[in-house]
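What follows is a set of notes on a single structure, which appears directly below.
Throughout, read-outs are computed from the coordinates displayed, never taken from laboratory work. What you see is a predicted model, and the numbers here were worked out from it, not measured in a lab. Backbone-built Cβ (ideal geometry, glycine too); neighbour counts: all protein chains shown.
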Amino acid sequence: MANPFEKRATEYLADSESFLAVVTPEPLMTFFKQPATDGTLYDRLAIVTGTPGSGKTTLARLFEYDTVRSLLRNRNVRTYRSLADALTQCGVLEDLTPKVLGARVPLESEYRDFWEFPYPEETRISLTTRLLEARSVIRWLRQLNESGVVLNEVEIVPRAGAEAALEQIGGRDGQAVLNRARDVERALYKIVRALVPPPLDSLGDPVSEAYHPFDVVETISLPWEGQRINVAPLAIFDDAHSLHPVQYERLERWLTQREMRVGRWILTRLDALNPARVLGQEGEPDVQKLRVTTEIRMQLTERRATRTAFRKMAKDMSNRYLGQIEPFSRRGLTDFSDLLATEITALTEKRLGELAGRVGVVQRRVGASDSQRRELQAKVEGYLDRSSANTSDPALILAATAIALERFGKRTPQLALDVFSDEDLEPNKPITIDSSVIDGARIHLLHEWDVPYYVGFDALCDASSENAEQFLHLAGRLVTQAETQLVRGKRALLSAHDQNRLIRQRSTEIINSWDFPHHREVRALTELMAKQCVERSLEGNASLGGGPNAWGIPQEQFEALPDKNPGLARILQFAVAYNALVLKTEHSTKNRLWCLLELGGPVAVANGLTLRRGGFLERDVRNLIAGVEVV
Amino acid sequence: MREEGRYSECVMHRSDDVSLFFASYFQGRNVLVVGGAGFDPRACNAVQHLHRSGAQVQLHLIREHRPGPKDALTAAAEKNLELFQELASTFQVTDVEIFGNDGAIVGGRRAARAVSELDLRSYDDVIVDISALSIGTSFPIVRLLVEEFARNVQPKNLHITVTHDPGIDARITRTAGDRPGWVHGFSGALGVDRDQNPARLWMPQLASGAQQEIRRIYDFVQPDDTCPILPFPARDPRLADDLALEYREELLSAWEVDVRNIVYADEDDPLDVYRTILRIDDLRKPVFEGSGGSATIVSPTSSKLTALGALMASMERDLPVAYLEAENYELEVPAATPPTTSQIATSPNLVHLWLEGEAYASGRPALRREV
């Protein structure tokens, strides 16, 4: 069987059962449970945003009736229970009975074309919304039909006061409503696919006739296991970034109408929005907007929380995928993190001696006495003994001591150096050992002594920039290696060295395979950023701990980008959308606000940079402009 | 039973035959050429041939604009334009933005509208030279003219020319965009709901270095079956094998292609591609008749010459065409100086197809239009 980690997400979408076998409920709990509990998920417009690969379509698919139906059919399968529970907490199920009739309507095809028509804006938006409504109705009813429900037994329940308008959507009967929706769709499709737009006055019925099912339908009644149930229709408009910005804005406005009773979501990629919004510059949504919309960002703004949530989701997802691979499941290897060794092989005696020699050179250069060196080394050892995140290791102790000595040298008044004095000179500020010194030491060991740095499940998650697809791409390589070991009769456990090597190899491949628009400019920029970050990371005193992995641009300069330099803004838009860069706006340091452009996980990993966040090089827009120049 | 194709007996000339045909047919005729005003070194080749034939050539050029063109390409396009000016008695250029300001692909629609506004009544022949036009603009233009012809509006005769040169193709690299879609006017009937969805057969024309592009198209099409088209016979007899090797992961794993589903078509013969697509489409029809029917989807991701075959099949059967628009182009070495009026490039292979008009008796199979 092919490694399921290597399969593309879309390959799972076609069949509900295989989709359910690999999908994790964690994002539901992270992003959707709260609004569902607050009652703001289905009663108003919900806008869901995320980068490509963040799992928007997967989520849309999970809320579709087809999937829910498959889940209920296989309700006794153990792995489905957590999904059923998550869907219950999100209000899709109640007592294992569907409450929501979800339909995903992709917007990637014809809708944007309406905006090219030489018609008044009102006509164009009317054509757009009408086609959306017709297709939503079709998808609701077709799913019911495909699940075995006879459409004549399906009844449309109108909202109070809209009974008279039932006629315009085909009546109450499910089959008649489907037929009407199909007629509308066909008429509109004929217009949109015409090579040249028909004259406005020839459009006729498709535009002039009333057809507003979203204003009419409240619930849909259907037979369910010997009784009748009512389900709330939900239209999920996926890939809304395909629309023209004005069209998107009009659609958003239209969907915020309070009269609508159907649930409606817009799913959109970050680069769908105007550059300012993608680049994270939108201020707080106003109160009025909050009342009519629910905003769900599939990458949390609180970064520590994001990492924790992502690790949890990635763990569940990878375990599900692992369960699909026979050599692992047969041996009861169901936890992906168990495949990743965390113990780092010590340097050989010879190499350790060389490293110690280098530390001695540093000691002499900075003028520290043997007792001062011992004191610093003792501090390092003490810190490592207390630390739960780091394992004490002779190489790590030596590398951290070297950094401490360099810092000692920086803080000791050099003019007072007197080779004839017996007294030890003291630094003007005591040297403390913390996690940043240890991270710096680990980065130095990676670059200079090839000691593995990207080791363990958390590192793998952090290297993915909180992006599910990227995580699978990186993890897939590790799984293939572990599987090979199993097949050869060895243990599945991957050594730290192998993990580090494979993750870095895969990261380089990911970067080499970039082919998104402006990838050349993005590549040039990230290469330059990475080069400068590596140089700074390898400074002897590790002034930024593990080093920088970002450029900081003054916030005010960054905010002016879309107006002053739209070309650059567009390049950055793609860089962010494809996880080459991650933005952190309004980062406060040295009494100034910065926008951090962090290198995405694979870029950081390929270049041997820290995965810890916060370290950055101070730059400005001129550096960005120079950085995107393709030689 | 297989249907006879509308273009099965299409008149086609290649290489030296083109010059002979042009000299005998076009002399003294009033000809409109719709072509591309781009950087492609082949852009002027067909018009040069026409000029020598003694035809009254009037030019309507479509200048495709993409964001951030390289200076070298702009300069090459300007040189081509100068040469066009020397060759044609009347000369008009329409600028067409391929991408809207939001990045949406709008070029095909805008090009079709520009051509629809032309008054074609005064011409004996209209030639669409697709050598320097992208798939996204050339396909809608040709289809528009073919449909006009079918409605007996205009023109009297419709021809297509393309200059084929794998060497130049190899020098041009394109960066594909990230939004796969249907070529404007080529979405078939896939956009309307039916009781049973048709089984989707996807026929991509495999080309070297286009893996990512073709994968994206695959994700967009989501076919039930895939029949990749490989070039054979080809100038390089190993090309089909090399491509199969390059795409082995897709063929064996992602697309799960049965080796019997690999289709071969002559690299130099658009009619072979055309007939191949029609044959496969015909074979599937009876098989899927009772279960929602079959929809054949093509992706002309290889050379322009083979794309022509896909174009003819798609127009005739109303087949959807899935593609990825090019975000930008690069020419590996500086564009060669275009030959002067008197010189005609000899190496590129000019191909001429007489698509509609006086050469054909009435009663050819009609063009289908499902919606």
Cα-Cα pairs in the protein assembly as shown separated by more than 39 Å, as a whole percent of all pairs, come to 52 percent
Going by average Cβ neighbours within 10 Å, how do the peptides B:182-195, A:578-591, B:15-28 rank, with the highest at the top? B:182-195, A:578-591, B:15-28
Measuring from the longest principal axis of the C-alpha atoms of chain A, the long axis of helix A:121-146 (C-alpha) lies at a number of degrees, nearest 10, equal to 90 degrees
Using Cα-Cα distances under 8 Å and only pairs 6 or more residues apart, what relative contact order does segment B:178-324 have, in percent? 37 percent
Using the alpha-carbon atoms, what tilt in degrees (0 to 90, nearest 10) does helix B:211-221 show relative to the longest principal axis of chain B? 60 degrees
Given a Förster radius of 30 Å and the C-beta distance between residue A:334 and residue A:386 as r, what FRET efficiency does 1/(1 + (r/R0)^6) yield to the nearest 0.05? 0.35
Proxy exposure order for A:56, A:190 (fewest C-beta within 10 Å first) is A:190, A:56
With a point put 7 Å past each Cα toward its Cβ, work out how far residue A:488 is from residue A:426 in nm, to one decimal. 5.8 nm
Any idea what the relative contact order of chain A is, in percent, if you count C-alpha pairs under 8 Å spaced at least 6 apart? 15 percent
In terms of the Cα gyration tensor, with a ≥ b ≥ c the square roots of its eigenvalues, is segment B:219-371 rounded because a/c is under 1.5, prolate because a/b exceeds b/c, or oblate? oblate
Given a Förster distance of 60 Å, the FRET efficiency implied by the Cβ-Cβ spacing of residue A:17 and residue A:411, rounded to the nearest 0.05, works out to 0.40
What's the average, rounded to a whole number, of partner chain beta-carbon atoms within 10 Å of each residue's beta-carbon in A:137-143? 1
Place a point 7 Å from the Cα of residue A:434 in the direction of its beta carbon; the residues of segment A:521-547 whose amide N falls under 18 Å from it are A:541-547
Mind listing the long-range amide H neighbours of residue A:100? Cut-off is under 5 Å, sequence gap 5 or more, other chains count too, H placed in the peptide plane at 1.01 Å from N. A:232
Looking only at other chains, what is the average number of their beta-carbon atoms within 10 angstrom of each beta-carbon in B:83-94? 0
Taking chain B as the region of interest, what is the percent of Cα-Cα pairs per 20 angstrom bin, listed from the shortest bin to the one with the maximum distance? 30, 61, 10, 0
Would you mind checking the tilt of helix A:349-366 against the longest principal axis of the Cα atoms of chain A, expressed as 0 to 90 degrees and rounded to 10? 70 degrees
Per residue of B:99-108, what is the mean number of Cβ atoms on other protein chains within 10 angstrom of that residue's Cβ? 5
Listed with the fewest Cβ neighbours within 10 Å leading, A:330, A:358 appear as A:330, A:358
Listed residues B:164, A:236, B:85: farthest to the positive end of the dipole of the protein assembly as shown (Cβ charges): A:236
Note on chain B: contact order normalised by length, alpha-carbon pairs under 8 Å, 6 or more apart, percent, works out to 25 percent
Set the Förster distance to 45 Å, then compute FRET efficiency between residue A:623 and residue B:258 from the Cβ-Cβ distance, nearest 0.05. 0.25
CD proxy, 222 nm, chain B: helix-only mean residue ellipticity via -39,500 (n - 2.57) per DSSP H run with n ≥ 4, per residue, nearest 500, stands at -10000 deg cm²/dmol
What are the ³J(HN,Hα) couplings of segment B:316-330, residue after residue, when phi is run through the Karplus curve with 6.51, -1.76, 1.60 and θ = phi - 60°? Round to Hz, x for glycine and proline. 5, 9, 6, 7, x, 10, 9, 7, 10, 6, 6, 6, 7, 10, 9
Show me, for segment A:399-410, the HN-Hα J-couplings you get by feeding each phi into the Karplus relation (A = 6.51, B = -1.76, C = 1.60, θ = phi - 60°), rounded to Hz, glycine and proline as x. 5, 5, 5, 4, 5, 4, 5, 4, 5, 4, x, 5
Grab the DSSP H runs of chain A that are 4 residues or longer, score each as -39,500 (n - 2.57), total them, divide by all residues and round the 222 nm result to the nearest 500 deg cm²/dmol. -15000 deg cm²/dmol
Where the only charges are on Cβ atoms (+1 Lys, Arg; -1 Asp, Glu), what is the dipole of the protein assembly as shown about its Cα centre, to the nearest 20 debye? 1600 debye
If I model a spin label at residue A:153 and residue B:236 as a point 7 Å from the Cα along the Cα→Cβ vector, what separation in nanometres do I get? 6.1 nm
